[in-house]
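Q: Attaching a single structure in structure tokens format; questions to follow.
The values are calculated or read from the model by the stated rules, or taken from the named source; none is laboratory data. What you are looking at is a predicted structure, and each value in this text was computed from that prediction instead of being measured. As a convention, Cβ positions derive from the backbone with ideal geometry for all residues, glycine included, and neighbour counts pool all protein chains shown. These area figures cover heavy atoms from the full protein model, side chains too; ligands, DNA and RNA do not enter into them. Shrake-Rupley method; radii C 1.70, N 1.55, O 1.52, S 1.80 Å.
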Amino acid sequence: MDVLVTPTPQLKGELQALSSKNYTTRYLLVAALAEGTSTIYYPAHSEDSDAMRRCLRDLGAVIEEDDEKITITGFGSKPRHVNELNVGNAGAVLRFLMAIASLCPEVTFVNTYPDSLGKRPHDDLITALGQMGVKIDHREGKLPITIHGGAPKGGKIQVSGNVSSQFLSALLFLTPLLPEDSEIEVLHDLKSKVVIGQTLEVLEQAGIVIEASEDLMNYKVAGNQKYKAQQYSVQGDYPGSAAVLAAAAVTRSDVKLHRLAENSKQGERAIVDVLRMMETPLTHTNGTVHVQGNGKLKAVEFDGDAATDAVLAMVAAAVFAEGTSRFYNVENLRYKECDRITDYLNELRKAGANVEERQAEIIVHGRPEGVEGGVEINAHYDHRVIMALTIVGLRAQKPIRILDAHHVAKSYPIYFDHLKALGANVEWTQSIQTSQS
Ligand SMILES: O=C(O)C1=C[C@@H](OP(=O)(O)O)[C@@H](O)[C@H](O)C1
Ligand SMILES: C=C(OP(=O)(O)O)C(=O)O
């Protein structure tokens, strides 16, 4: 399905933020790694969180759910021996479960999104699991991947943090279950470092003890630990909400988004600071962000690694700012659902934006007068590209059509419902091309 975005000068209304994708995937996982029954309140419902549920069921977790919660009876350190797992297009789910699958004799992760997840690199995790005695078949570090596990060994493990923090998170979930103690050393830089804070927070809530160095580059993990069955409550999602807030910033608006904790460990809460730096009128109190946009924005310079999943929304806002904005330290955006630098900027240019790329940087020469629009956008299977181009479409002169916009469901299936509730002119229409699924 495509979405037609028609210019919309004004947004108004209140929304409850959707539930966090990253916390939902983590709580589901730690609940499955416990032996008792855990309850997760307000879990996210999206393709990625569904992928985690489906795979954990396949691995032997017993899952029941109603409108507000999920209960999970876990398999502890003994997952059922499955032959095949399908994570859809979910990178974090794949990487976390590659580690857990090493507790099974042989599991193949299939390649159902050859043009998206199928292109993403997993070499660094493959190398680290190799040090633990796990043999892995793969296609040059990519899917399909077969894990020949059984008895992974702890000890000294090194993992590169250059490409993704998810490889380190995966090892932090696995190592407490091993018979030996482990010491994990992160090599090179650690990208998306803030996300590790979310992993450590959830592990602690699940009763796991990990000694982390202050710079998050070294870890001591005692073996033979047990995940405790617990009750968890999922907080609001900043990465998805960043797109709604940026939409409010580029229009005349009076928008309130509730359920966004000021003290969240989600780095993407920086959207609030960045919009403030761009001089968008807003407040953030008692978990509510209130944007009273006037469409006027000032350019900004920002280290995007601190808020990796909100950068595309920030860039979309910068398209309409006065002056030149620079988002730096963002090379790992190239290794996501698409190349979120080259592919994304190509789509922005089509819509009329003036943008430049460097290997690790996005530069935006703002056009406060607006952009032309009137084009078709390739979604590149990427929910965040879809959300960001929608923001641009709201302030374009002519409508834009986002092809295969249904991929927004990877993290935010009700994104367009939410925007419509605020008065945005966004309509689903039948696809006019079929080259993407
Ligand atoms: O651990 C996680 O749940 C995630 C980590 C981040 O990835 P990288 O560490 O690859 O940047 C983020 O972009 C992704 O959406 C979710
Ligand atoms: C990159 C993302 O997710 P993942 O890496 O889990 O596929 C994302 O949600 O933007």
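Q: Round to the nearest 10 and report in Å² the accessible area of E106, as given by a 1.4 Å probe over the protein chains' heavy atoms.
A: E106 has an accessible surface of roughly 90 Å² with all protein chains in place.
Q: So for each of 348-359, 314-325 I average, over its residues, the number of other beta carbons within 10 Å; can you give me the resulting order with the highest mean first? Provide the component values of the computation, followed by the final result.
A: Working: 348-359: 17.1, 314-325: 24.8.
Ranked from most to least packed, the peptides come out as 314-325, 348-359.
Q: Let me ask something additional. Name the residue farthest towards the positive end of the dipole of the chain from the options A261, L422, N286, assuming +1 on Cβ of Lys and Arg, -1 on Cβ of Asp and Glu, about the Cα centre.
A: Value computed over the given set: L422.
Q: What is the distance, in nm, between label points placed 7 Å from the Cα along the Cα-to-Cβ direction at D273 and at A151?
A: Between D273 and A151, the simple spin-label model gives 4.8 nm.
Q: Straight distance only, please: which lysines reach the Cα of K228 with their own Cα at less than 25 Å, same-chain residues fewer than 8 apart left out?
A: Here the lysines satisfying the reach criterion relative to K228 are K21, K69, K78, K153, K220, K265.
Q: If r is the Cβ-Cβ distance from E356 to T6 and R0 is 22 Å, what FRET efficiency results, to the nearest 0.05? Before the final figure, lay out each step's value.
A: Details: r = 28 Å, r/R0 = 1.29.
Plugging the Cβ-Cβ distance into 1/(1 + (r/R0)^6) gives 0.20.
Q: If the only charges are +1 at each Lys and Arg Cβ and -1 at each Asp and Glu Cβ, what is the size of the charge dipole of region 21-221 around the Cα centre, to the nearest 20 debye? If you can, show how the numbers build up before the last one.
A: Working: 19 positive and 27 negative charges, 87 e Å.
So the magnitude is around 420 debye.
Q: So which trypsin sites (Lys or Arg not before Pro) in region 50-103 end up in coil per DSSP with only 15 or fewer other C-beta atoms within 10 Å?
A: Details: sites: R53, R54, R57, K69, R80, R95; in loops: R80.
Passing both the DSSP loop test and the Cβ count: R80.
Q: Still on this structure: Would you tally the net charge around S213, using a Cβ to Cβ cut-off of less than 14 Å, leaving S213 out, and scoring K and R as +1, D and E as -1?
A: -3
Q: Could you grab the relative contact order for region 21-221? Cα pairs under 8 Å, six or more apart, rounded to a whole percent.
A: Values: 406 pairs, mean separation 33.0, N = 201.
RCO, region 21-221: 16 percent.
Q: Where in the chain are the DSSP H helices whose C-alpha atoms run 30 Å or more along the long axis and whose mean Kyte hydropathy is at least -0.5?
A: Working: long enough: none.
Helix filter hits for the chain: none.
Q: What nm value, rounded to one decimal, do you get for the distance between Q131 and Q292 when each label is placed 7 Å out toward the C-beta?
A: The two pseudo-label positions are separated by 5.4 nm.
Q: Would you mind telling me the share, in percent, of accessible area of the chain contributed by carbon and sulfur at probe 1.4 angstrom? Walk me through the intermediate numbers first.
A: Working: 7440 of 15910 Å².
Carbon and sulfur: 47 percent of the exposed surface of the chain.
Q: Taking a probe of 1.4 Å, how large is the accessible area per residue of region 21-221, in Å²? Spell out each step's value before the answer.
A: Values: 7410 Å² over 201 residues.
So region 21-221 comes to 37 Å² accessible per residue, rounded to a whole number.
Q: Only helical DSSP H runs with n ≥ 4 go in: add -39500 (n - 2.57) per run for the chain, normalise by residue count and round the 222 nm mean residue ellipticity to 500 deg cm²/dmol. Each step should come with its number before you reach the end.
A: On the way: 12 runs with 124 residues, N = 437.
Theoretical 222 nm ellipticity from helices: -8500 deg cm²/dmol.
Q: So if R0 is 30 Å, what FRET efficiency would Y41 and K420 give, r being the distance between their Cβ atoms, rounded to the nearest 0.05? Spell out each step's value before the answer.
A: On the way: r = 27 Å, r/R0 = 0.90.
Calculated value: 0.65.
Q: For the chain, what is the largest minus smallest coordinate of the Cα atoms on each principal axis, given in angstrom and ordered from greatest to least?
A: 62, 43, 43
Q: Then there is this: Describe numerically, in nm with one decimal, the distance between label points set 7 Å from Cα along Cα→Cβ at T112 and at A261.
A: My value for the distance between the label points is 3.1 nm.
Q: Kirkwood hydrodynamic radius, region 340-437, all distinct C-alpha pairs: what's the number in Å? All intermediate terms of the calculation are to be shown ahead of the outcome.
A: On the way: mean 1/r = 0.0717 Å⁻¹.
Roughly 14.0 Å, rounded to one decimal.
Q: Pop the C-beta distance of Q430 and K78 into the FRET formula with R0 = 51 Å and round what comes out to the nearest 0.05. Let's see the in-between values first.
A: Details: r = 47 Å, r/R0 = 0.93.
Working from the Cβ atoms, E equals 0.60.
Q: Oh, and also: In whole Å, what is the distance between the alpha-carbon centres of region 135-204 and region 300-318?
A: So the two Cα centres are separated by 27 Å.
Q: Suppose we keep just the DSSP beta bridges with both residues in the chain; what percent of those would be antiparallel, to 5? Can you show the working numbers first?
A: Details: 50 of 78 bridges.
Percent antiparallel among DSSP bridges in the chain is about 65.
Q: Still on this structure, please answer the following. Can you grab the distance from the C-alpha centre of region 43-83 to the C-alpha centre of region 241-273, Å, no decimals?
A: Cα centroid of region 43-83 versus Cα centroid of region 241-273: 30 Å apart.
Q: Pairs of alpha-carbon atoms within less than 8 angstrom and 6+ residues apart define the contacts here; what relative contact order does the chain have, in percent?
A: Values: 1103 pairs, mean separation 85.1, N = 437.
This gives 19 percent for the chain.
Q: Hey, another quick one. For region 68-169, what does the relative contact order come out to in percent, with C-alpha contacts under 8 Å and a separation of six or more?
A: This gives 27 percent for region 68-169.
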